Every structure is written in C-alpha cells, then in structure tokens.
1. Of the residues that make up the stretch 89-96, is at least one in a helix (DSSP H, G or I) and in contact with a helix residue (DSSP H, G or I) (Cβ under 7 Å, 6 or more places away or on another chain)?
2. Can you tell me which residue among 129, 96 is over 11 Å from residue 79 (Cα atoms) and touching a residue at least 12 places away in the same chain (Cβ under 8 Å)?
3. Among the residues of the stretch 22-32, are any farther than 26 Å from residue 134 by Cβ and either surrounded by 14 or more Cβ atoms within 10 Å (Cβ to Cβ) or within 19 Å of the chain's Cα centre (by Cα) (or both)?
4. Do we have residue 104 as on the phi > 0 side of the Ramachandran plot and modelled with pLDDT of 95 or more here?
5. For residues that are outside any strand (DSSP E or B) and either touching a strand residue (DSSP E or B) at 6+ places or on another chain (Cβ under 7 Å) or farther than 14 Å from residue 73 by Cβ (or both), tally how many sit in the stretch 99-121.
6. Of the conditions (1) crowded, with 16+ Cβ neighbours inside 10 Å; (2) part of a loop (DSSP other than H, G, I, E, B); (3) not assigned by the TED database to the domain that holds residue 137, residue 124 clears all except one; give me its number.
7. Would you confirm, using the coordinates I've provided, whether residue 86 is over 27 Å from residue 48 (Cβ atoms), in contact (Cβ under 8 Å) with a residue 40 or more places away in the chain and surrounded by 14 or more Cβ atoms within 10 Å (Cβ to Cβ)?
8. Filter the stretch 35-53 down to the residues that are surrounded by fewer than 15 Cβ atoms within 10 Å (Cβ to Cβ) and under 21 Å from residue 14 (Cα atoms), then identify the one that is farthest from the chain's Cα centre (by Cα).
C-alpha cells in the first residue's frame with residue numbers, strides 16, 4: 001500500500017464522524033481489507049503511525065491485542081472456530097479435528113494454496129445454534145462435520161452463501 005492510498009482511506013474516515021480513539025481501529029480494518037491476504041504488513045503499520053501522528057508501538061499494541069487483525073498473510077477464507085464450552089461439547093471437538101485434518105493445518109496456519117486460514121476464537125454469541133464457525137464475516141451454526149465439509153466444498157468451488 002502506498003501513502004496516497006492510505007491517505008485516501010483516512011479521508012474516507014473523516015466523513016464517518018468517529019471518536020478520535022476509534023479512528024485507528026477503523027483504519028486498521030480498512031487497510032486489512034485492502035489486502036487480499038487479510039493482513040497488515042509491518043511497514044504499513046509504521047506508515048499508519050506516521051499519518052496518525054502516534055507512536056508505532058500504539059499501532060502494534062492494537063494489532064496484536066485484537067484477534068481480528070493480523071501482521072502475517074492469511075487465506076482468502078478465514079475460518080474462525082468457536083471453542084467455548086457451548087460449542088465444544090455438542091460436536092465442536094469433532095468439527096475442529098475434521099477441519100485440521102481436511103485442511104492439513106493447525107490453528108493460526110494457512111493452507112498451502114492460500115485459500116483457508118484456520119483460527120480459534122472464543123464465543124461468537126450464537127450459543128443457541130452451536131457449534132458455530134465464522135468464515136470471513138459469515139456465521140454458520142447448527143453444524144455437523146457433513147455440513148462443514150459441504151461449506152468447504154462450496155467455497156472451493158467459488159460458491160459462498
């Protein structure tokens with residue numbers, strides 16, 4: 001990302017009437033969405049600090065605190081698996097094992113083809129339809145291994161919900 005693109009994103013945020021403390025998080029979301037690999041390169045983090053006139057440590061504090069941000073490239077589809085108790089008990093363990101085996105990755109890793117990144121997350125707030133996963137911004141509940149396999153096959157074939 002070049003500086004002019006970053007400045008354009010900042011300009012867009014001026015119209016959103018954000019509180020000063022919210023600008024960094026909103027900007028990080030926009031910057032991360034700019035990259036197909038859903039991440040923020042370190043050099044861009046430094047540029048953000050310069051443009052917002054804040055210390056780079058503040059940018060990296062936010063980047064490393066919130067799990068929705070990443071400083072390393074991720075897959076086209078980010079699969080977040082809820083591993084809290086309400087999801088883990090009714091089939092969640094089996095879904096985790098299935099995903100790890102099917103994708104050939106552990107939590108925090110990306111498939112060799114760059115299509116999927118598997119991440120562990122706490123409660124997604126959908127305990128009534130557990131087990132639950134979130135793929136990018138889409139939630140899937142009442143899951144079974146068979147349903148997860150169908151979702152993966154659809155994503156591989158380019159069919160998203």
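The values are calculated or read from the model by the stated rules, or taken from the named source; none is laboratory data. Fair warning: this is a prediction, and the values are worked out from it, not measured in the lab. Glycine gets a Cβ as well: all are built from the backbone with ideal geometry, and neighbour counts include every protein chain shown.
1. Yes, some residue in the stretch 89-96 is in a helix (DSSP H, G or I) and in contact with a helix residue (DSSP H, G or I) (Cβ under 7 Å, 6 or more places away or on another chain).
2. 129
3. The answer is no; no qualifying residue exists.
4. Judged against the criteria, residue 104 is a match.
5. Selection size over the stretch 99-121: 11.
6. So the condition that residue 124 fails would be (3).
7. Against the criterion (over 27 Å from residue 48 (Cβ atoms), in contact (Cβ under 8 Å) with a residue 40 or more places away in the chain and surrounded by 14 or more Cβ atoms within 10 Å (Cβ to Cβ)), residue 86 qualifies.
8. Ranking the candidates gives 53 first.
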